[in-house]
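Below: one structure, written as structure tokens.
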Amino acid sequence: MNDVQILEAVERYIRGEMNPDERLYFENLRKTNTEVDQLVVEHTLFLQQMNRFGEWQKFRSNLHDVHTNLTETGKINSAKLTGKAKVVYLWNRYKRVTAIAATIAGVTALTVSSLVTTFNPAPENAKVKELVKKVNDLDTKTKQLDTKITNADKKNNKKPIMATPVRYNGTGFLIDAKGLMITNAHVVKNSRNIFVQNNKGEQFKAIVVRLDVARDVAIIKIDDDNFKQFPSLPYGIRKTSSEIAEPIFTLGFPKNEIVYGEGYLSAKTGYNGDTLSCQIAVAANPGNSGGPVFNHNGEVIGILSAKETDAESTVFAVQSKYIYQALEELKKNSLYQHTKMSAKSSVSGLSKVQQVKKIQDYVFMVKGD
Amino acid sequence: MKQEINEQALLQGLARNETKAVETIYRENYNSIQALIINNNGSADDAKDIFQEAMIVLYEKVRSGTFELNCQIKTYVYSVSRRLWLKRLQQLNRYSAPVENLEGLVPVEDEIEAHEQRNLEFDMMNKAISSLGEPCKSLLEAYYLQKRNMQDIAASFGYTNADNAKNQKYKCLMRLKKIFFSHYKNGTSDE
């Protein structure tokens, strides 16, 4: 018997799948051969742990499903904190910090602003390529001509939107269940009309609600009656920065369907020590811009934004904390002041396949013209 | 008396991870735990977290077979959640005032300790499995967690026959056990 067969026998013995003869033979073997005996003991413990782990995982995912289910049907009141309760909560939590922070902030702001004006280096970005996909210019021009012709033909036709050619493609992902999305500023900044398309091919109209070109973050909102709001998001947005060597994965639309990529966080800063972003090693192509970067818990740790042109799989991502900043700015607009993002991911602990299955409906292709 | 029988049935359902039982316990207890957490410096997300932890404690307890219903499910879940939340607050240094409403609590210290130990072990297993990489991870999960048979696995992972799959599984398993036991003997999940 070789090792593989011995292990198989041990497993069958532990599970009680042996017939009486086999069992007798095996028990004799166990008595005479201490190595086999040792293996049985060790493997019993291992299988026990494994089984319990499996059941625990199943139970946790069941709990999560139940929670989503009950929230959807309104049987439990897991509404987000609103109005007064939230203010009280935040005040209780942060009152000491607020006081100290206010004093420090004043001094720091003055110092930093003077330093920045003195030391600000000239921007040098030629070696970094933004991963927005520009659809072939020639193609565009022919299409534009086409459009002009058709438009001239049917001046009264009220559907010019669908005929506009797409010039930029990128990726975006939801940050709240009601249709607010994050993408890169460079994906949408030159576009007049924006559409987002999910993995099922359904297309919705979207509008830019906040554009921050310096940080390369844009918030867009799906503004379409056909869009059905989600009950909640399966992933959270990480508030703190991540550790080097953490495994990560990305989802994006470099082609017409969603594409998965896997890699790791390679540096905490981006191109030339840029502290806004971080560096990841993953395969990325034009069209991946604006896509989410997840860690193994399924938390968003960044927004994939650019890659270095003369190095393979050196990709940069805007750190996720700037999503919070962008949202804070947006909240000054009263329309959005109740928007809340979660830092907790409900898919943590699931297998990668399950995570992606649950996440992919929340990642969209962003198209602009 | 009737209520007691009901609760017994619920717990048995819970031990088998039956969605209906889980849902009933969830529905009847969630709101009060959420109120507890939110009134004590927590958010809705914290509430969900703590409540689910408490559900796991209850689940492990009924599964261990030693659970005697000497109090209502409600009291038990409340006691566990309260204790877990106090611990969490202390860890975060957000501990301000003691969580009130002390009456009707049952002692749960031992369970929570056992629960933390188990969490540590599961975390260890989780890390060990994740560090294997593919195809080992999926292969072992398919066999040991989803309990699929070898023929089926060989077909879906593209092995020419079950023996090839078995050999591959054996190699993966040896790696997993090595990683797992090295952590297990150290008694910690640190790398």
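Data overview
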item: Members of B:Lys48/B:Lys178; A:Lys357/B:Lys166; A:Lys321/B:Lys127; A:Lys228/B:Lys127; A:Lys239/B:Lys74 lying beyond 30 Å, as alpha-carbon distances in this model show; result: B:Lys48/B:Lys178; A:Lys228/B:Lys127; A:Lys239/B:Lys74
item: Karplus 3J(HN,Hα) series, Hz, for segment B:107-114 with 6.51 cos²θ - 1.76 cosθ + 1.60 (x for Gly, Pro); result: x, 10, 3, 4, 4, 5, 5, 4
item: Sites A:Asn2 and A:Lys58 - FRET efficiency at Förster radius 25 Å, r taken between beta-carbons, to 0.05; result: 0.15
item: Footprinting exposure proxy for B:Ser81, A:Ser342 (fewest neighbouring C-beta atoms within 10 Å first); result: A:Ser342, B:Ser81
item: A:Ser348 long-range amide H proximity, modeled H, under 5 Å; result: none
item: For segment A:223-280 and segment B:112-127, distance of Cα centres in Å; result: 29 Å
item: Rg [Å, one decimal], Dmax [Å, integer] - segment A:216-364, C-alpha atoms; result: 15.1, 45
item: Candidate aspartates and glutamates - alpha carbon under 12 Å from A:Lys268, same-chain residues fewer than 8 apart omitted; result: A:Glu243, A:Glu246
item: Per-pair calculated FRET efficiency, R0 = 22 Å: B:Lys127 and A:Asn272 via Cβ, rounded to 0.05; result: 0.05
item: Virtual spin-label span in nm between A:Ser232 and B:Thr75, 7 Å along Cα→Cβ; result: 3.0 nm
item: Links that overshoot a 20 Å alpha carbon limit, given the list A:Lys189/A:Lys367; A:Lys75/A:Lys200; A:Lys352/B:Lys147; A:Lys358/B:Lys87; result: A:Lys75/A:Lys200; A:Lys358/B:Lys87
item: Overall Cα dimensions of segment B:112-186, principal axis frame, Å, largest first; result: 47, 21, 15
item: A:Lys268 long-range amide H proximity, modeled H, under 5 Å; result: A:Gln279
item: Cα pair distances in segment A:3-72, grouped into 10 Å bins until the bin that holds the longest one, percent each; result: 18, 36, 19, 14, 10, 3, 0
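Readers should treat all values here as calculations from the given coordinates under stated rules, not as data from a laboratory. Quantities reported herein were computed from a predicted structural model and do not represent experimental measurements. FYI the Cβ positions are ideal-geometry reconstructions off the backbone, even for glycines, and counts take in every protein chain you see.
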